[in-house]
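Have a look at the structure below before the remarks.
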Amino acid sequence: MGSLLNYVIRRALFAIPVFLAVSILTFLITNAAGDPVNIVRLGIRSITAAQLEQLRLFFHTNEPVYIRYFYWLSDFLRGNLGQSLYTGSVASRIIPWIGTTLELQIPALLLALGIGIPIGVYSAKHQYSKGDYTITTAAIFGISMPTFWIGIMLIIVFSYYLPWLPAYGAYSAYPPYWWGSPFLDAIAHLILPLSVLTLVSVATITRLTRVNMLEVLRQDYILAGRASGLSEWKVTYKHALKNAITPVLTIVGLSFGTLLAGAPALETTFSWPGLGFAFVRAASTLDLPTVQAIIMIITLMVLAANILTDLAYAFLDPRVRIT
Amino acid sequence: MSDANSAAKPKQKQRGASQAAVAWRRFRRNKSALAGAVIVGFFIFISIYGIFFAPYPSRSYYCLTNGCANLPPFVNWAHPLGTEYSGIDVFSEILHGALGDLYVGVVATAISVAVGLVIGAFAGYRSGAVSAMLLGITQIFFTLPVLVIILLFARIAQILVAQGLGLTLIVVILGIFGWPTIAFVTRGEILRIKELEFVQAARSLGASNSRILFRHILLNVMSPIIVLASLLVAGNILTEVVISFLGFGSPNTSTWGLLLQEGFLYVRTSWWVSLFPGIAVVVAVLGFNLLGDGLSDALNPRIRE
């Protein structure tokens, strides 16, 4: 157990340089012109003197760049995310965004695992069959489509052509509610973006599962299992899948960042009030304090997902625990 | 060295087909890989010669003043895929956009491959503090939420750098952030290959470090890199589409993402401006993905029959 703890601590320590790298990169980009105030003034014509003054204070623009960075970092670490250029404190606004994004991402991830793994196993078990060809073809289409574009297509069909589902937002702010009640209303809003996200993740997970299962199914111990009279079901799901699934879960966990990163375009398509949509709006309007805070929060979420993945990995793969 | 080469050649002929010939045979038999190659070929052809088929110039608002704005598709054959509210012809614009997307996809990938190969080769071939540091940097880059950083980069660059640069900015940004996978795989392959007998043979014959690295090792590393590069082109095209769709791209250069952005403004009434460029993106990306998958099957000796 001590070695497991050791392993997790070692992996968690890796989070520190990643966090610092993101903070430095983000800071450098926003300070690329020497002064973030210049960027805002160039980009947004209608900015007021009061807003610029507020920005100067936030970035401590009277100090040299490297001092400014430490001011900003220590502010962030103490939970002071600064004031948005337009709408009050960033910290109070960012928490609902995190919730709305997770409300979309976590069900999509679980659904995709639940659907993608069995399909991948089936495909690997029946390699080169018609079903396998259909599945691999569908999956490669799935990873070749821009996520947000599938969203637009679904909106055109299920929201405009057939007025069955809402096209934007996470809920209706006032009645009439979709399907009668506020709860069902939220479900109705969730269906389209959730389907898109699930669809795309299912494609990735199916491909990963298939490849890993194919590799495992070729190994000797599977043959030994069959020879000793185990049922095909038991060989597939108890012995093969158990080993094939570890790399799948690892990659999925580590690519949580990619999933989150896909959020800006998808959330914008559905006007889904999460981190991604907020990021796009803030970047378009050059609301730099908000942009920086969102990037740092997304980084923290990705790092948390990575550490959870490492834990799961240590749990699933006993070799990690021993060494 | 030349003696050894001429001695080795007849021997190779006796052994039959070369590595490349075997790979080519496997590739030819793989239908989806061939389909990928055909699509990629078509995409490249359209990118280069599409401008000669396009009835209207790039970003031309011809229809705005000629009474054919917001036409649905398949109605007026002068505008087979319809027109936008702003008067832009969708068919022409898709043809013009191909070049932009191919440019972003291929050149950004080339930058990533160049950087990734150098860093990966160094980290794999040498050992010590520098290579450990390179490995660490690679792993940090892996974990970064790359897309949001790229988006912020693109947005700030939009303001600070002259618009005339157009897509080149996006190319450079994508190139800078795309190399870690290449570096990681290169390093792994080099760690594996440098212990193999033929490398030791070359070393005992007195070959220099750079000769071993470039003539013997890198050539063997190339096959997984070619596969990755093909998939990376697909990924870069998708990222470019996202950047332009969100309005952080170049507003004066035709790309499919820009067309999708304009289409989304009027999606309620003019579905065709969203549908057709999207199909173009899917086909192009699918081509590179199929090609990558097929190459991976053809070049991977472990699953050779």
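Classify the protein assembly as shown: rounded, prolate or oblate, from the alpha-carbon gyration tensor (a ≥ b ≥ c, eigenvalue square roots; a/c under 1.5 rounded; otherwise prolate if a/b is larger than b/c)?
Verdict is rounded for the protein assembly as shown.
Express the Stokes-Einstein translational diffusion coefficient of the stretch B:215-305 in µm² s⁻¹, to the nearest whole number, given a Kirkwood radius over alpha-carbon pairs, 37 °C and a viscosity of 0.692 mPa s. The partial results should precede the final answer.
Working: Rh = 15.0 Å.
Reported coefficient: 218 µm²/s.
For chain A, the longest stretch holding no trypsin sites (Lys or Arg not before Pro) located in a DSSP loop with at most 13 other Cβ atoms within 10 Å is which? Kindly include the intermediate steps, with their values, before the conclusion.
Details: sites that count: A:R45, A:R78, A:R218.
It runs A:79-217.
Please express the Cα-Cα pair-distance distribution P(r) of chain B as a list of whole percents, one per 10 Å bin, running from 0 to the bin with the greatest distance.
Going out from 0 Å in 10 Å bins, chain B shows 6, 22, 27, 22, 13, 7, 3, 0 percent.
Taking θ = phi - 60°, what integer Hz values does the Karplus form 6.51 cos²θ - 1.76 cosθ + 1.60 yield along the stretch B:190-203, in sequence order, with x for Gly and Pro?
Going residue by residue, I get 5, 4, 6, 6, 5, 8, 6, 5, 5, 6, 5, 4, 4, 5 Hz, with x marking Gly and Pro.
For the stretch A:76-232, what is the convex hull volume of its Cα atoms per residue in Å³?
Working: hull volume 32.8 nm³, N = 157.
Normalising the Cα hull of the stretch A:76-232 by residue number yields 209 Å³.
Where does each of A:V252, B:V172, A:V65 land when they are ranked from fewest to most other beta-carbon atoms within 10 angstrom?
A:V65, B:V172, A:V252
Which of A:G169, A:G120, A:G131 moves most in a GNM of chain A, Cα contacts under 10 Å?
Comparing A:G169, A:G120, A:G131 in a Gaussian network model of chain A, the most mobile one is A:G131.
Which loop-located GluC sites (Glu not before Pro) does the stretch B:177-280 contain, where loop means any DSSP state but H, G, I, E or B and the Cβ has at most 15 other Cβ atoms within 10 Å? List each step's numbers first, then the result.
Values: sites: B:E189, B:E195, B:E197, B:E240, B:E262; in loops: B:E195.
Here the sparse-neighbourhood loop sites are B:E195.
Could you work out the longest stretch of chain B that avoids the chymotrypsin sites (Phe, Trp or Tyr not before Pro) located in DSSP loops with at most 14 other Cβ atoms within 10 Å?
Details: sites that count: B:F74, B:W77.
Excluding the exposed sites themselves, the longest stretch runs over B:78-305.
Based on Cβ point charges of +1 for Lys and Arg and -1 for Asp and Glu, what charge dipole magnitude is obtained for the stretch A:2-91 about its Cα centre, in debye rounded to the nearest 20? Walk me through the numbers on the way to the answer.
Working: 7 positive and 4 negative charges, 44 e Å.
It comes to approximately 200 debye.
Among A:I298, A:I16, A:I94, which one shows the highest mean-square fluctuation when chain A is modelled as a Gaussian network with alpha-carbon springs under 10 Å?
A:I16
Which listed residue (A:Y174, A:F279, A:P264) has the Cα farthest towards the positive end of the charge dipole for the stretch A:100-317, taking +1 on Lys and Arg C-beta and -1 on Asp and Glu C-beta about the Cα centre?
Positive-most Cα among the choices belongs to A:P264.
Quick one: angle between helix B:167-177 and the longest Cα principal axis of chain B, in degrees between 0 and 90, rounded to 10, please.
The answer is roughly 40 degrees.
Mind giving me the nanometre distance, one decimal, between the label points for B:N252 and A:I95, set 7 Å out from Cα along Cα→Cβ?
Computed distance between label sites B:N252 and A:I95 equals 4.7 nm.
Dipole of the stretch B:140-242, Cα-centred, from +1 at each Lys and Arg C-beta and -1 at each Asp and Glu C-beta, to the nearest 20 debye?
Numbers: 7 positive and 4 negative charges, 51 e Å.
Dipole size: approximately 240 debye.
What translational D, rounded to a whole number of µm²/s, comes out for chain A from Stokes-Einstein when the hydrodynamic radius is the Kirkwood one over Cα pairs, at 25 °C and 0.890 mPa s?
My calculation gives 109 µm²/s for D.
Which residue, A:T147, A:T309, A:T48, tops the fluctuation ranking in a GNM of chain A built on C-alpha contacts under 10 Å?
Highest fluctuation of the listed residues: A:T48.
List the equivalent ellipsoid semi-axes of the stretch A:2-91 in whole Å, largest first, each obtained as the square root of 5λ for an eigenvalue λ of the Cα gyration tensor.
On the way: eigenvalues 221, 39, 24 Å².
Largest first, the stretch A:2-91 gives 33, 14, 11 Å.
To the nearest µm²/s, what D does Stokes-Einstein give for the stretch B:94-169 at 20 °C and 1.002 mPa s, using the Kirkwood radius over alpha carbon pairs as Rh?
Numbers: Rh = 14.9 Å.
My calculation gives 143 µm²/s for D.
How long are the semi-axes of the equivalent ellipsoid of the stretch B:44-161, defined as square roots of 5 times the Cα gyration tensor eigenvalues? Whole Å, largest first. Walk me through the numbers on the way to the answer.
Numbers: eigenvalues 409, 57, 22 Å².
The three semi-axes for the stretch B:44-161 are 45, 17, 11 Å.
In the protein assembly as shown, if the dipole is taken from +1 on Lys/Arg beta carbons and -1 on Asp/Glu beta carbons about the Cα centre, which of B:G50, A:T87, B:A69 is farthest to the positive end?
B:G50
Pairing the Cα long axis of helix A:15-30 with the longest principal axis of chain A, what angle in degrees results, from 0 to 90 and rounded to the nearest 10?
Taking the Cα atoms of chain A, the angle to A:15-30 is about 40 degrees.
For helix B:19-29, report the angle its Cα long axis makes with the longest principal axis of the Cα atoms of chain B; keep it between 0 and 90° and round to the nearest 10°.
Once rounded, the angle reads 40 degrees.
Quick one: dipole size for chain B, taken about the Cα centre, charges +1 on Lys/Arg Cβ and -1 on Asp/Glu Cβ, in debye to the nearest 20. Provide the component values of the computation, followed by the final result.
Numbers: 21 positive and 13 negative charges, 300 e Å.
The dipole of chain B has a size of about 1440 debye.
What is the total of Lys pairs in the protein assembly as shown with C-alpha atoms under 17 Å apart, excluding same-chain pairs fewer than 8 positions apart?
Numbers: A:K125/A:K234; A:K125/A:K238; A:K125/A:K242; A:K130/B:K31; A:K234/A:K242.
Lysine pairs meeting the criterion: 5.
With a sphere of radius 12 Å drawn around the Cβ of B:A280, what net charge do the other residues whose Cβ falls strictly inside it have (Lys, Arg +1; Asp, Glu -1)?
Numbers: positive: none; negative: B:E93, B:D101.
Spelling it out: positives minus negatives among the neighbours equals -2.
Using amide H atoms built 1.01 Å from N in the peptide plane, name the residues 5+ places from A:S89, or on other chains, whose amide H lies under 5 Å from its own.
Answer set, sorted by chain and number: A:S84.
Going by C-beta contacts inside 10 Å, put A:I152, A:I295, A:I47 in order with the fewest on the left. Please list the in-between numbers first.
Values: A:I152 23, A:I295 26, A:I47 17.
By the 10 Å Cβ count, ascending: A:I47, A:I152, A:I295.
Since every read-out is calculated from the coordinates, none of them should be taken as a lab result. Just so we're clear, the structure is a prediction, and the values are computed from it rather than from any experiment. Backbone-built Cβ (ideal geometry, glycine too); neighbour counts: all protein chains shown.
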